[in-house]
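Contents: one structure, followed by commentary.
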Amino acid sequence: MEKTTRVCVIGGGVVGVSVLYHLTKLGWSDVMLLERSELTSGSTWHAAGGFHTLNGDTNMAALQGYTIRLYRELEELTGMSCGLHHVGGVTLADTPERFDMLKAERAKHRFMGLETEILSSEEIARVAPVTNIDGILGGLYDPLDGHLDPSGTTHAYAKAARMGGATIQTHTKVLETNPRPDGTWDVVTDKGTIHAEHIVNAAGLWAREVGAMAGLALPLHPMEHQYLVTDEIPEIYERDAEHPHVMDPAGESYLRQEGRGLCIGFYEQTCRPWAVDGTPWDFGHELLADDFDKIEDSIAFAYNRFPVLERAGVKSVIHGPFTFAPDGNPLVGPVPGLRNYWSACGVMAGFSQGGGVGLTLAQWMVEGQAERDVTAMDVARFGTWATPGYTLTKVIENYQTRFSVSYPNEELPAARPWVTSPMHDIWEAQGAVFGQQYGLEVVNYFALPGEPRYETPSFRRSNAFKATAAEVAAVRGAVGINELQNFGKYRVTGPNARAWLDHVMAGRIPKHGRLSLTPMLNAAGRIEGDFTVSCISEAEFILTASYGAQAVHTRWFERHSRDGVQVENISNTRTGFTIAGPRARDVLAKVTRADVSHAAFKFLDVRQILIGMAQCVVQRVSYTGDLGYEIYCDAHEARHLYQVLSVAGEEYGMRPFGMRAMMSLRLDRFFGAWLSEFSPDYTCAQTGLERFIQWSKGDFIGRAAAEAERTQPPERVLAAFIVEALDADVQGYEPIWLDGEVVGFCTSGGYSHHAQVSVAQGFVPRDRATDGLEVEIEILGEMRPARLVTTPLLDPDRLKMTS
Ligand SMILES: Cc1cc2nc3c(=O)[nH]c(=O)nc-3n(C[C@H](O)[C@H](O)[C@H](O)COP(=O)(O)OP(=O)(O)OC[C@H]3O[C@@H](n4cnc5c(N)ncnc54)[C@H](O)[C@@H]3O)c2cc1C
């Protein structure tokens, strides 16, 4: 056995071999894989082998498309068969909401180059004749759907990897992973120790155990899952062509042809987590005992939807475990807090996603970053709050809602409330309706008196509409208050703090007492963060950015760490409030002896001010686009600060507002949002953030790429639109049509309660992005006229904000 390697991949399931193959494909040949038994000895061997592109996250769907297209390439490269059956698949809709979801997916697929199609129920009966179409409104057909041979595919990946120089060592169990001071790893196995520069945890069912060897509690958990294979069915074997897959979300089932019969699997409500206290090491090629009781209701439903099943005997039952992360997407990427330790686990659909996972991880390792925004599967989208207790509860919910409609405004209930801010009960007493962000309960809006304390999930405007309108009116008319707990916050200190910030951030680092807005770029010039930097003193700066990106940003800071600089994540220990609106200054003036007149406290100024008994940092800036202040204090002082501010705000009618109002307010000035307008998919020149780059300073990460865009401007740019919407606003990724062609897509949108119009933002070709351009935006399958606007809907001269 080799004693040293550049990369040691632990686990020879479909994911491990895909990672190995992609590493060799990108040029790293000194790589090895260790498997404790034979290849496929975890979930992989008993998978049903189905694959599909449908995924609520657009980048995940694109990676699933990549995975499926890869199989032919693998077959050609290795001469081995993956046992491919490209039979197509249809997802059924039996309610208007489900149909809305499928239409929204179809619309997204237009600019992703996926050739899906909306079918009527009659067309479904023709394409998938075993389906009883009673009550079916229509469906989404995807010609790429199909299935394969799990074992053949795993071995094809393995052969391709070997052809690229990789070694695969089976019957070698990893016992320990021990870091060396230089960031490399000793991988201790039952056959000896290997010294590896990097390790990849692709241990599937045992990923928790392998993670624990490095002190990790990875947020994933196995669930039991069952599918049945029937005896021969004449309606199937007498057909000329293979029957396509049918996904029936109402019955939580997927069905496909298997030989001369059918195969059907269920995501039953009465599901069971497996191996709660740890996956046994002696589990391998056995199955779990059949359990028909668990799927009794699902089978009864399936007999009605696919009547041929009732007449067919069951030939075999496959009941096995596979792992899920709390949101059902994989856990991929460098693990925060560890050097050279990579995750490729939590993959619940290895045959739809394995190729994309392997490609992404290999790009990250070899090239330093993935080619697209992979937030949806980044292991760092979870923090330490995703404990095993949280994970188990969420994984059960995820399994149960696998086939549910996912609405853009939906807040799933499991494992909540979990992390709360110091203000939680105060907001609750005022009628708050909460959402969850990175584990934290955040106020979405305050229900009006007599209204339910629950926002109805919908693709259209919800019951939060009126309450949100009232909160927006309070801000624009007088003053509103909103909690700042859900900001990611970092304290950067030390003698080299300014120099380090100048290197990591593309924008200007402000002088003492000022703040600035700055993008943070990667080497390819794409946006890794949009930050506010405040200079408290030459040796102390405070950064704020997205709360949900804390682990991602902390990992970035660690990667680029330097002597003489400390970065501390203070997101939960510092909190505070935004006060915004024309009377915001009056409220502030009442609670402090400091001079807060415009002459003394200008736009983008930062002041340390005593408010009541709390020593606060106050910044004159507001995401609402109005006159506003962000007031920060220590978390244990927040209730006192709120008390002082709310008493002062009473005479101006100050009222609290939540995130729904905030997201409407920001639209009035076309402000972008993290992961909508600003994300690692986009660059500064595309999104208008270029104006925040400080070209006059020295080198910074991403400078060369950003400069290249100055000489070769991007083909697409971000623009704002007023949309003639009906009862549904843009959410994101809707196609933008011009002259009968899709020319762009939306990044986000919503209703401006202030201007009383529907607003969208999105990318269009640069040469067409002129004021007044008339386009159409496809919202839930309907073409809605829209007009490009360049003048903000509020305060075009920025007088409110700046004077
Ligand atoms: C009943 C059922 C049906 C399914 N149907 C489908 C489907 O139709 N389509 C689909 O896409 N997915 C399906 N899946 C899910 C699919 O099986 C998984 O997504 C996939 O197999 C995960 O692969 P993996 O490589 O991550 O993990 P695993 O297959 O679990 O592989 C992990 C490997 O790591 C090895 N290992 C663990 N610890 C060590 C160690 N310490 N040292 C060395 N080696 C170690 C194990 O022996 C194992 O071989 C199904 C799952 C089940 C249970």
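The values are calculated or read from the model by the stated rules, or taken from the named source; none is laboratory data. Predicted model, so just to flag it, every value in this text is computed and none were measured. All Cβ positions, even for glycine, are placed from backbone atoms using ideal geometry, and neighbour counts span all protein chains on display. What goes into the accessible areas is simple: the full protein's heavy atoms, side chains included, and nothing from ligands, DNA or RNA. Shrake-Rupley method; radii C 1.70, N 1.55, O 1.52, S 1.80 Å.
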Next item on the list: Express as a percent, rounded to the nearest 5, the fraction of DSSP beta bridges in the chain (both residues included) that run antiparallel.
Entry: 85 percent
Note to self: 7 Å from Cα along Cα→Cβ at both Asp293 and Glu558: what's the point-to-point distance in nm?
What the structure shows: 4.5 nm
Notebook entry, point to check: Which whole-Hz ³J(HN,Hα) couplings does the stretch 749-761 yield from phi under the Karplus relation 6.51 cos²θ - 1.76 cosθ + 1.60, θ = phi - 60°, glycine and proline marked x?
Noted result: x, x, 9, 7, 5, 6, 8, 6, 9, 8, 10, 9, 10
Next item on the list: Quick one: accessible surface of Val757, probe radius 1.4 Å, all protein chains present, in square angstrom to the nearest 10.
Entry: 40 Å²
Checklist line | Rounded to the nearest 20 debye, dipole of the chain from Cβ charges on Lys, Arg, Asp, Glu | finding: 2860 debye
Next item on the list: Would you mind getting me the FRET efficiency between Asp231 and Arg72? Use the beta-carbon distance for r and R0 = 41 Å, nearest 0.05.
Entry: 0.80
Check: Using a 1.4 Å probe, how large is the accessible area of Asp190, given in Å² and rounded to the nearest 10?
Finding: 90 Å²
Check: How much accessible area does Met662 have with a 1.4 Å probe, in Å² rounded to the nearest 10?
Finding: 10 Å²
Notebook entry, point to check: Tell me, what is the FRET efficiency for Val366 and Asp771 to the nearest 0.05, using R0 = 35 angstrom and their Cβ-Cβ distance as r?
Noted result: 0.20
Checklist line | Restricting the stretch 1-70 to GluC sites (Glu not before Pro) in coil, as DSSP defines it, with at most 15 other Cβ within 10 Å | finding: Glu2, Glu38
Note to self: Using 31 Å as the Cα-Cα cut-off, could you pick out the over-long pairs in Lys108/Lys489; Lys3/Lys159; Lys103/Lys466; Lys25/Lys191; Lys108/Lys466; Lys602/Lys697?
What the structure shows: Lys108/Lys489
Note to self: For the chain, what does the relative contact order come out to in percent, with C-alpha contacts under 8 Å and a separation of six or more?
What the structure shows: 12 percent
Check: Which of Leu665, Thr683, Gly653 sits farthest toward the positive end of the charge dipole of the stretch 631-789, with +1 on the Cβ of Lys and Arg and -1 on the Cβ of Asp and Glu?
Finding: Gly653
Note to self: Just to make sure I understand: if all protein chains stay in place, what is the order of Lys3, Lys394, Lys103 by accessible area at 1.4 Å, largest first?
What the structure shows: Lys3, Lys103, Lys394
Next item on the list: Using a/c under 1.5 as the rounded threshold, could you call the stretch 267-319 rounded, prolate or oblate? The axes a ≥ b ≥ c are square roots of the C-alpha gyration tensor eigenvalues, and prolate needs a/b larger than b/c, oblate otherwise.
Entry: oblate
Checklist line | Note, ³J(HN,Hα) from phi for the stretch 300-315, Karplus 6.51, -1.76, 1.60, rounded to Hz, x at Gly and Pro | finding: 4, 5, 5, 4, 6, 6, 10, x, 4, 5, 5, 8, 9, x, 8, 7
Next item on the list: Can you sort Ser81, Ser421 by 1.4 Å-probe accessible area, starting with the largest?
Entry: Ser81, Ser421
Item checked: Placed amide H near Cys616: partners under 5 Å, 5+ positions off or other chain -> Ile609, Leu610, Ile611
Check: For the stretch 731-777, what percent of Cα pairs sit more than 17 Å apart?
Finding: 35 percent
Item checked: Inter-site label distance for Ser537 and Gln694 at 7 Å from Cα along Cβ, in nm -> 2.0 nm
Next item on the list: Give the long-range amide H neighbours of Val717: residues separated by 5 or more places, or on another chain, with amide H under 5 Å away, using H modelled in the peptide plane at 1.01 Å from N.
Entry: Val764, Arg766
Margin query: For a quick check: with amide H placed at 1.01 Å from N, whose amide H comes under 5 Å from Leu331's, ignoring anything fewer than 5 positions away on the same chain?
Written below: Cys345, Gly346, Val347
Notebook entry, point to check: Where Lys and Arg each count +1 and Asp and Glu each count -1, what net charge lies around Asp142 among other residues with Cβ under 9 Å from its Cβ?
Noted result: -3
Check: Treating the beta-carbon of each Lys and Arg as +1 and of each Asp and Glu as -1, no other charges, what is the dipole magnitude of the stretch 555-630 about its Cα centre, to the nearest 20 debye?
Finding: 80 debye
Check: Say R0 is 30 Å: what FRET efficiency, to the nearest 0.05, do Val317 and Lys191 get from their beta-carbon distance?
Finding: 0.25
Note to self: Suppose the chain between Gln643 and Arg272 were pulled fully straight at 0.36 nm per residue; how much longer would it get relative to their current alpha carbon spacing?
What the structure shows: 128.9 nm
Next item on the list: Calculate the spin-label point distance for Ala429 paired with Asp134, positioning each point 7 Å from the Cα along the beta-carbon direction, and give it in nanometres.
Entry: 5.5 nm
Next item on the list: Please arrange Lys108, Lys489 by accessible surface area, largest first, computed with a 1.4 Å probe and ligands excluded.
Entry: Lys108, Lys489
Next item on the list: Apply the Karplus parameterisation 6.51 cos²θ - 1.76 cosθ + 1.60, with θ equal to phi minus 60°, to every residue of the stretch 61-66 and state each ³J(HN,Hα) to the nearest whole Hz, in sequence, with x for glycine and proline.
Entry: 4, 5, 5, 5, x, 4
Checklist line | MRE, 222 nm, helices only [DSSP H, n ≥ 4, -39500 (n - 2.57), over the chain, to nearest 500] | finding: -7500 deg cm²/dmol
